[in-house]
Amino acid sequence: MTLSDSNAFDAHNTHSTRLSARRASPRSQWQLEQDGVHPLLARLYAARGIAGRNELDYGLAALLPPERLTHAADAAVLLADAIEAQAKILIVADYDCDGATACAVGIRALRALAGAHGVHVDYLVPSRFTDGYGLTPPLADMAAARGCELLVTVDNGIASLDGIARARELGMTTLITDHHLPGATLPEADCIVNPNQPGCDFPSKSLAGVGVIFYVMLALRAELRARGHFADGSEPNLASLLDLVALGTVADVVPLDHNNRLLVHQGLKRIRAGRLTPGLRALLRAAGRDPARATAFDLGFVAGPRLNAAGRLADMSTGIETLLTNDEAYALNLAQQLDAYNRERKTIEADMQEQAMCALAGMADSAYADGGTEASDEAAIALFDPAWHQGVIGILAARIKEQRHRPVFVFARSKGQRPDRSEDSEDSVPTADAPAADSELKGSGRSIPGLHLRDVLDLIDKRAPGLLKRFGGHAMAAGASIMEADFSRFRACLVEVARELLDPAALTRTLETDGALETGYLSLETAKMLDEEVWGQSFPPPLFADEFVVEHQRLLKDRHLKLRLRKGAALFDGICFNFSDAVHGTIRAVYRLSINEFNGVQNLQLIIEYLENTGKA
């Protein structure tokens, strides 16, 4: 799963929203303050379950040791033997940011660790459109054609039963490194490293794919050290890879438990100090971001989407090459290509989103005329358009999920079956009501809290055998393939299962805030302090809720509401993106602190993620 381009809350969302303030344990807050934590940070951390300063220790010595990760040591032996035998190693990656960073970490680490032995290491990344996800038998054939002797998967492989079987049939040794949830049967690989596999008691189940391969490389270094490979003092510092580990971890939206926060903190520390790979530096530069001020936001919403754009629209090899090269000029050239892909992706996404909103409106009108239930009031939403781009359906599902607060599946025809939408072909494009029965649809789903999406697909598969051709994923994101003729049946099954499993209260959006912020903390200094911390999935960035008097307002680019707000005697600038309705009097706003820089001058700006009129003058 990957992040979309903005985590901004949809301020003009059509569904009711309940505001809820996080509760901080007074004892934990007091203890953190006694330990020297800033009072505001102590309150924020206590509200996120932090009880003591030790949980904020992000030094490398606090990293969970690699020997605790089941089979990491066995993987290290396989890799060390391959290096000593100068065997050909091939990494099979995934086509998202986590997969790209995992591939780059694996290759960079193997080259550094092999040293004078040299290493024959290459990579293979499937096409989202022609190969599908994971290691398949055809990919195993391609690996064999390249002379692969040791095949290593990164960020995939735990569901690749047929692909692993084919690889072994062709004589390859197989090592799976993955973090996805396994099915009932594991592939018969020579070694599997996955914190979520049965029998693994590694405390951090939330490692991203890039985190898993990083741990395997730590174990490999220990194995090579034991074999005397670094007697000449040539042992590499694998901390040099932490910028890529941080990027993949944040971009894959895995929960930021203590171990993941440590990895991200250390990666950001290196980035801010200028010790980052040329490719990541180029990605930030292409987006106009300064590495010295990089935050987790820059990783998840700036660099990550640009890498992902390659896998969505073209070939992720461009993204991987960006992270592998040490040539600054070449890295910038590749980053500019990725930036162009990302702009194209945004255009495609905007068109698809407009079409999706029209489709939902049409379904609502039809339901109203028939006296039925409006589509957006159902427990789940499933959409399909023959002209939609397969590479963008995950982002569209995320957008609709945010706007409608419903689990959403969006389908597109596999590339090659998707017609071009133009004025000449519009009338001849098949619709979901007139399906091409032999067309396969690829679907991407996003869920809301309270509904485990992979469990939903598993239940659908049991109730309607054969409906799902393939499926897999996580609690909040999943994928499935169906035949086009079966779309209506899938939609009915999805709604039925979601209605059964979802608590009705879960269908009302709850926006958690950190309550009001003391006026004295509404400052540029506080914004800078918060930017230094690590926030992300399951450790959300601070959102505050306050009432303000609107002193002035204007529209920027006819889309964004720029506000001058007053709280007491103090005035603040605020902006609400993609919100064009006028407000007046006193408003209740949910906002985060940000730094707005113009002509070299920095000022505090409130990014408003939700607002409502209070009715007060």
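The GluC sites (Glu not before Pro) of region 473-523 meeting both criteria, a DSSP state outside H, G, I, E and B (loop) and at most 16 other C-beta atoms within 10 angstrom of the site's C-beta, are E518. A simple charge model with +1 on the Cβ of Lys and Arg, -1 on the Cβ of Asp and Glu and nothing else charged puts the dipole of region 555-617 at about 180 debye relative to its Cα centre. Sum -39500 (n - 2.57) across every DSSP H segment of at least 4 residues in the chain, then divide by the residue count to get the 222 nm mean residue ellipticity, nearest 500. Value at 222 nm, helices only: -11500 deg cm²/dmol. Is there a pair in K528/K567; K442/K557; K346/K401; K346/K557; K415/K557 whose C-alpha atoms are over 26 Å apart, and which pairs would that be? Beyond 26 Å: K442/K557; K415/K557.
For W388, the residues whose amide H sits under 5 Å from its own are R413, ignoring neighbours fewer than 5 places away on the same chain, with H placed 1.01 Å from N.
For the chain, the relative contact order comes to 13 percent (Cα pairs under 8 Å, sequence separation of at least 6).
So, R0 is 45 Å and r is the distance between the beta-carbons of Y330 and K562; what FRET efficiency does that work out to, to 0.05? In this case the efficiency is close to 0.65.
For the chain, the dipole from Cβ point charges (+1 on Lys and Arg, -1 on Asp and Glu) about the Cα centre works out to 1340 debye, to the nearest 20.
DSSP assigns beta bridges within the chain; of those with both partners inside it, close to 65 percent run antiparallel.
For the chain, no complete DSSP H run has alpha carbons reaching 27 Å or more along its own long axis together with a mean Kyte-Doolittle score of 1.6 or higher.
Counting charges near Q553 (Lys, Arg +1; Asp, Glu -1) among other residues having Cβ under 9 Å from its Cβ returns a value of +2. Of the residues I83, C148, A189, the one whose Cα sits farthest towards the positive end of the charge dipole of region 66-237 is I83 (charges of +1 on Lys and Arg Cβ, -1 on Asp and Glu Cβ, taken about the Cα centre).
An ellipsoid equivalent to region 66-237, defined through the eigenvalues of its Cα gyration tensor, has semi-axes of 24, 19, 14 Å when rounded to whole angstrom and sorted largest first.
Label reach from D201 (point 7 Å along Cα→C-beta): in region 58-76, amide nitrogens under 19 Å belong to 64-74.
Working note: Karplus 6.51/-1.76/1.60 with θ = phi - 60° gives region 199-206 the couplings x, 8, 9, 4, x, 9, 7, 9 Hz, where Gly and Pro are set to x. In terms of its Cα atoms, the chain spans 78, 64, 46 Å along the principal axes, sorted from long to short. Okay, which of region 295-333 sit inside 18 Å, backbone N to the point 7 Å along the Cα-Cβ direction of T130? Those under the cut-off are 310-320.
No lab work stands behind these numbers, since they all come straight from the coordinates. Everything numeric in this text was worked out from a predicted model, so none of it was measured. Cβ atoms come from the backbone with ideal geometry, glycine included; neighbour counts cover every protein chain shown.
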